[in-house]
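The values are calculated or read from the model by the stated rules, or taken from the named source; none is laboratory data. Model, not experiment: these values are computed from the prediction. Cβ: placed from backbone, ideal geometry, glycine included. Neighbour counts: every protein chain shown.
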Amino acid sequence: MKFNKICILGLGYIGLPTASTFAVNGLKVLGVDINPNIVETLKRGDIHIHEPGLRDVVKRAIDSGNLSASTKPEEADAFIIAVPTPFKDRESGDFEGRKYKLADMRAVISATEAIVPFLRKGNLVVLESTSPPRTTVDLVAPILERSGLKAGTDFFLCYSPERVLPGQILRELIENARVIGGVTPESAKAGHDLYATFVKGRIIETDSTTAEMVKIMENTTRDVNIAIANEFARLAEKFGVDVWEAISLANLHPRIHILSPGPGVGGHCISVDPWFFVEAAPELTPLIYHARHVNDTQPHFVVEKARQALGGLNGKKITALGLAYKPDVDDLRESPATEVVHLLQKEGAQVKAWEPFKPDAKMDGIHMAESLHDALQDSDLILLLVKHTEFVSLKPEGIISQTKARVALDTVNAWKMDEWQNAGFQLHRLGDGKSPVAKHQP
C-alpha cells in the first residue's frame with residue numbers, strides 16, 4: 001500500500017517526533033493538535049518540547065514543505081492517533097476494597113471522532129496511544145464505523161504502540177522493532193507498509209489486542225521490577241545494609257539484574273500503564289496492583305528519610321534538585337519528585353525546586369527557583385531527586401559556599417559519600433542503612 005499524505009493527531013512527545021520523521025522521509029504530513037499554542041509554535045518553526053535532535057528534524061521537515069500543522073484534521077491516506085491517555089481525576093475503581101485508577105480515554109475518543117468526517121474507503125487508521133486491552137476493537141472501531149464504513153473491510157485499522165525512550169526518541173523510532181496489530185491481517189499489512197517508510201528495525205505483524213497487551217506488559221514488567229528494588233531499599237535500611245552495594249553484588253550472578261531504587265516511578269508509561277491491566281481485570285492482577293502501591297508510596301518513604309535527616313520538617317527549608325520523572329529530560333508528567341515536594345510541604349517544610357531542563361515550568365503549589373544558586377539560598381537540606389548529569393557532577397566543595405545547608409539526602413545514588421563528608425556535609429542516601437549517619441538515626 002502506498003501513502004502520500006498522512007494526518008497525525010496529537011503533537012506531544014510521540015506525535016511530533018513521529019510526524020517530523022515521516023515528513024523528512026518524503027511523506028506529506030499534517031500534524032494536528034487541539035492546543036492552538038502548539039500549532040502556532042510549530043508554524044513559527046519552533047518546538048514546545050525538549051528532545052535531543054528534535055528541533056533540527058522539525059526544521060528540516062517544515063523547510064521541505066512536507067510538514068504543516070493545524071488544529072483540525074483533513075483528508076489523508078492514513079491517520080495516526082497519538083494523544084495522551086491519563087487517569088480520571090475524580091473517579092476510581094474498587095475491587096474487594098482495593099482502589100485502582102481508571103484510564104481517561106476522552107482524548108482518544110475525541111481524536112477518533114475528529115477523523116470520522118474525513119475517513120474514506122481504503123484509508124488506514126493507527127492508534128498509537130497506550131490503551132487498555134481491546135480499545136482498538138471495542139472503542140475506536142465502533143466510532144470510526146459511524147462513517148458508514150466497516151473496519152477491516154472498507155478501511156484498515158491497527159494498533160501500533162510507541163516503544164521509545166525519552167532522550168533517544170528519534171533514534172529508537174527508526175531502529176527499534178515495531179509491532180503492528182491489525183483488526184485483520186490485511187490491516188496489519190497496511191500498517192507494516194506505512195511504518196516501513198522509515199523503520200529500520202524489525203516490523204512484526206499481529207492482531208490489535210496482542211499489540212496493546214505487548215506495550216502494557218513491557219511497562220508493567222519494569223514497574224514490578226522497580227517495586228522490588230524499592231522494597232529492597234526499605235529492607236536494607238531495616239537490616240543495616242547498603243542496598244546499592246547489595247544490588248551490585250547480587251547482579252554479579254549471571255541470571256540476576258536488579259534495577260535501581262529511587263524516589264518512586266513516574267512518566268506517562270511505567271507509572272500509568274500497569275493500571276490498565278488492573279482496570280481491565282482487577283481479580284487477576286494482585287501482583288501488579290501491589291507493585292503499583294509500593295512505587296506510589298515510595299515518595300512517602302523519601303519524606304520520612306528527610307524527616308530523619310533534619311529531625312523534623314515543620315519550618316525547615318529544603319532545596320529539591322530535579323522535578324523531571326527521569327534523568328536529562330524535561331518531562332514532568334506523573335513525576336515522583338513533584339509528589340515528594342508536595343508531601344514535604346504538607347508537613348510544613350518550605351521547598352524551593354530547581355529543574356534545569358524546564359526552568360520556566362509552572363507547577364501548582366511548587367516554588368520554582370530561578371537558578372541552582374537561588375535554590376540553594378538559605379536552605380537546611382539539599383534533596384537530590386533526579387539523577388540529571390549536571391547534578392551528578394556537582395562538586396560539594398563548590399556547593400557548600402552557596403548554602404548554609406550542611407545536610408544532603410541523595411535518593412538516586414549519584415553522590416560519593418566520602419567527597420560530600422570531606423567537604424563538610426552530612427550525606428544521607430536512600431537505602432543505605434550501613435553508613436555512620438544511618439546508624440545514628442533514631
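Out of the residues in region 332-355 that are outside any helix (DSSP H, G or I) and basic (Lys, Arg), which is surrounded by the fewest Cβ atoms within 10 Å (Cβ to Cβ)? Ranking the candidates gives Arg333 first.
With respect to the conditions (1) surrounded by 15 or more Cβ atoms within 10 Å (Cβ to Cβ); (2) closer than 27 Å to Thr21 by Cβ; (3) modelled with pLDDT of 95 or more, Pro166 falls short on a single one, namely (3).
Against the condition touching a His at 6+ places or on another chain (Cβ under 9 Å), in the same structural domain as Leu310 (by TED's automatic domain parsing) and not basic (Lys, Arg), how does Ala353 come out, does it pass? Spelling it out, Ala353 is indeed touching a His at 6+ places or on another chain (Cβ under 9 Å), in the same structural domain as Leu310 (by TED's automatic domain parsing) and not basic (Lys, Arg). On the stretch given as region 247-280, residues that are surrounded by fewer than 24 Cβ atoms within 10 Å (Cβ to Cβ) and hydroxyl-bearing (Ser, Thr, Tyr) total 2. Scanning region 55-92 for residues that are at pLDDT below 95 and touching a strand residue (DSSP E or B) at 6+ places or on another chain (Cβ under 7 Å), we see that the one that is nearest to Leu157 (Cα to Cα) is Thr85. Examine region 95-108 for a residue that is at pLDDT 95 or above, closer than 21 Å to Ile6 by Cβ and under 27 Å from the mean Cα position of the chain (by Cα), and state whether such a residue exists. Yes, some residue in region 95-108 is at pLDDT 95 or above, closer than 21 Å to Ile6 by Cβ and under 27 Å from the mean Cα position of the chain (by Cα).
Restricting attention to region 118-143, the residues that are part of a helix (DSSP H, G or I), crowded, with 23+ Cβ neighbours inside 10 Å and either in contact with a strand residue (DSSP E or B) (Cβ under 6 Å, 6 or more places away or on another chain) or at pLDDT below 95 (or both) total 2. Note on region 170-250: enclosed helices (runs of 4 or more DSSP H) holding 3 or more residues that are among the charged types (D, E, K, R) and in the same structural domain as Thr18 (by TED's automatic domain parsing) are 185-195. Of all residues in region 419-436, those that are modelled with pLDDT under 95 and in contact with a helix residue (DSSP H, G or I) (Cβ under 7 Å, 6 or more places away or on another chain) total 2. In summary, strands (runs of 3 or more DSSP E) completely within region 1-117 and bearing 1 or more residues that are assigned by TED's automatic domain parsing to the domain that holds Ile143 and crowded, with 22+ Cβ neighbours inside 10 Å occur at 5-9, 28-32, 67-70, 78-81. When Gly424 is tested against the conditions (1) at positive phi; (2) of a type outside the set (D, E, K, R); (3) in contact (Cβ under 8 Å) with a residue 40 or more places away in the chain, the lone failure is (3). Here Pro299 fulfils each of the conditions (1) out of contact with any Asp or Glu (no Cβ under 7 Å at 6 or more places or on another chain); (2) part of a helix (DSSP H, G or I) apart from (1).
Looking at Lys416, Lys387, Lys439, Lys346, can you tell me which residue is over 24 Å from Val265 (Cβ atoms) and modelled with pLDDT of 95 or more? If you could, list the steps in order and put the result at the bottom.
On the way: Lys387 fails: over 24 Å from Val265 (Cβ atoms); Lys439 fails: modelled with pLDDT of 95 or more; Lys346 fails: over 24 Å from Val265 (Cβ atoms).
Just one listed residue meets the conditions, Lys416.
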